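After the structure tokens below, expect a handful of questions from me.
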């Protein structure tokens, strides 16, 4: 059964997880639409996923060059207009570089690339991508990054806390030195979400540690239907 | 031709684990008295003609948007003899 909702997944040169994101959208019941970094428009999609990977080889800074890709011009406009956008890992870095989300992602404090099944606590269910979770729900999804330490100045961190814009926090262990154990945040409107762990790798029991990641993709379909 | 050098460094309050690792290595290699190492980037940009005010303004804009991320980094621009 499909919802009829079209979810775009952008492929930049160096994206890795675009195929898994497409699969996750389909499994959740959406129509996945492949978007290319050089596209000048968003092909009438209802929401967009910026996937993980190493866009442009992580040259300069992670996400710094992807931010200026042609597809980002209509995407930034659409995000400001309320379109649901989910940035996962490298996608989160692109959203920060684009200033759609505050702060930045820096090198893990221990300098190692990390790859593990990570426990998270969902902190906010009032975003377009988390509405089907329960507040304080604990989930386990894969995490894999070298530059996943979330940083922002104290004022911004306080503001994120006060406005309920921290979407998920790391539980048990802080894997990368993120300030205040932040694994994901959202913008003021709740339509743009950046997440360092990978929900798209946890949508099928055969390949994922859980199917907890599916909730992000079913959430956005529900949000779009209820719009 | 003019040569412009843009230096980019992490802001002082941002942890620099790479700099820390280099700091440790310098100590192990016998350099004593090292109190801090910060690792940054340098861009050497050669441009035709002179760097006038308009061009410098343009360079500042790009240094603050593309070459550095103002959330975590500071930059400085200097003109050098090529």
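Quick one: check the C-alpha center-to-center distance for region A:122-176 versus region A:18-87, whole angstrom.
When both Cα centres are located, 20 Å separates them.
Of the beta bridges DSSP finds with both residues in region A:1-96, what % are antiparallel, to the nearest 5? Show your work: numbers first, answer last.
Working: 1 of 13 bridges.
Roughly 10 percent of the DSSP beta bridges within region A:1-96 come out antiparallel.
How well do other chains shield peptide B:14-27, expressed as the mean number of their Cβ atoms within 10 Å of each residue Cβ?
Details: counts 6, 7, 2, 9, 3, 0, 2, 2, 0, 0, 0, 0, 0, 0.
For this peptide, the per-residue mean of nearby foreign Cβ atoms is 2.
Note down the relative contact order for region A:16-120 as a percent, whole number, built from C-alpha pairs under 8 angstrom at least six residues apart.
Numbers: 122 pairs, mean separation 26.5, N = 105.
After rounding, I find 25 percent.
Next question, about the same structure. I need the peptides A:140-151, B:1-12, A:82-93 ranked by packing, meaning the mean over residues of other C-beta atoms within 10 angstrom, with the highest value on top. Don't jump to the answer; show the numbers that get you there.
Values: A:140-151: 22.2, B:1-12: 15.9, A:82-93: 27.3.
The peptides rank, most packed first, as A:82-93, A:140-151, B:1-12.
So, one more: In peptide A:150-159, what is the residue-averaged number of other protein chain Cβ atoms found within 10 Å of each Cβ? Intermediate results must be reported in sequence, preceding the final value.
Numbers: counts 0, 7, 2, 5, 1, 0, 1, 0, 0, 0.
Whole-number average of other-chain Cβ neighbours for A:150-159 is 2.
Here is a further query. What average number of partner chain Cβ atoms lie no more than 10 Å from the Cβ of the residues making up A:87-98? Provide the component values of the computation, followed by the final result.
On the way: counts 0, 0, 0, 0, 0, 0, 1, 0, 0, 3, 4, 0.
Mean shielding count: 1.
Okay, next question. What does region B:2-80 give for Rg and for Dmax, in Å, if only its C-alpha atoms count?
15.7, 47
Expressed as a rounded percentage, what relative contact order does chain A have, with Cα pairs under 8 Å and six or more residues apart? Spell out each step's value before the answer.
Working: 562 pairs, mean separation 46.8, N = 227.
With pairs under 8 Å counted, the relative contact order is 21 percent.
Then there is this: Arrange the following residues from fewest to most other Cβ atoms within 10 Å of their Cβ: A:119, A:80.
Numbers: A:119 19, A:80 13.
Fewest-to-most Cβ neighbours within 10 Å comes out as A:80, A:119.
Test of understanding: what is the full-extension gain from residue A:205 to residue A:77, defined as 0.36 nm times their sequence separation minus their Cα-Cα distance? Display every interim value, and only then the final one.
Working: separation 128, 0.36 × 128 = 46.08 nm, distance 3.66 nm.
Going from the current span to full extension adds 42.4 nm.
Restricting to bridges with both residues inside chain A, how much of the DSSP beta-bridge set is antiparallel, in percent to the nearest 5? Let's see the in-between values first.
Details: 21 of 37 bridges.
Rounded to the nearest five, the antiparallel share is 55 percent.
What ranking do B:55-62, B:42-49, A:197-204, A:23-30 get when scored by the average of other Cβ atoms within 10 Å per residue, highest first?
Values: B:55-62: 13.5, B:42-49: 11.1, A:197-204: 25.4, A:23-30: 21.6.
So the order, starting with the most tightly packed, is A:197-204, A:23-30, B:55-62, B:42-49.
Which three extents, in whole angstrom, do the alpha-carbon atoms of chain A cover along their principal axes, largest first?
Sorted from largest, the Cα extents of chain A read 41, 37, 35 Å.
Right, next: What does the C-alpha gyration tensor say about the overall shape of region A:28-71? Classify as rounded when a/c is under 1.5, otherwise prolate if a/b is larger than b/c, or oblate. Intermediate results must be reported in sequence, preceding the final value.
On the way: a/c = 3.23, a/b = 1.72, b/c = 1.88.
It comes out oblate by the Cα gyration axes.
Which value in deg cm²/dmol, rounded to the nearest 500, describes the helix-derived mean residue ellipticity at 222 nm for chain A, given -39,500 (n - 2.57) per DSSP H run of n ≥ 4 and division by the residue count?
Values: 5 runs with 49 residues, N = 227.
My calculation for chain A gives -6500 deg cm²/dmol from helical runs alone.
What order do you get for A:48, A:71, A:193 when you list them from fewest to most C-beta neighbours inside 10 Å?
Ascending number of Cβ neighbours within 10 Å: A:71, A:48, A:193.
Please report the relative contact order for chain B, taking Cα pairs under 8 Å with a sequence separation of at least 6, and give it as a percent rounded to a whole number. Show your work: numbers first, answer last.
Numbers: 106 pairs, mean separation 45.3, N = 82.
55 percent.
Given a Förster radius of 22 Å and the C-beta distance between residue A:40 and residue A:189 as r, what FRET efficiency does 1/(1 + (r/R0)^6) yield to the nearest 0.05?
Values: r = 25 Å, r/R0 = 1.13.
The pair residue A:40/residue A:189 has a calculated efficiency of 0.35.
The numbers here are math on the coordinates, done by the rules we state, and not lab data. Keep in mind that what you see is a predicted model, and the values were worked out from it rather than measured. Here the Cβ is made from the backbone with ideal geometry for all residues, glycine too, and neighbour counts use every protein chain on show.
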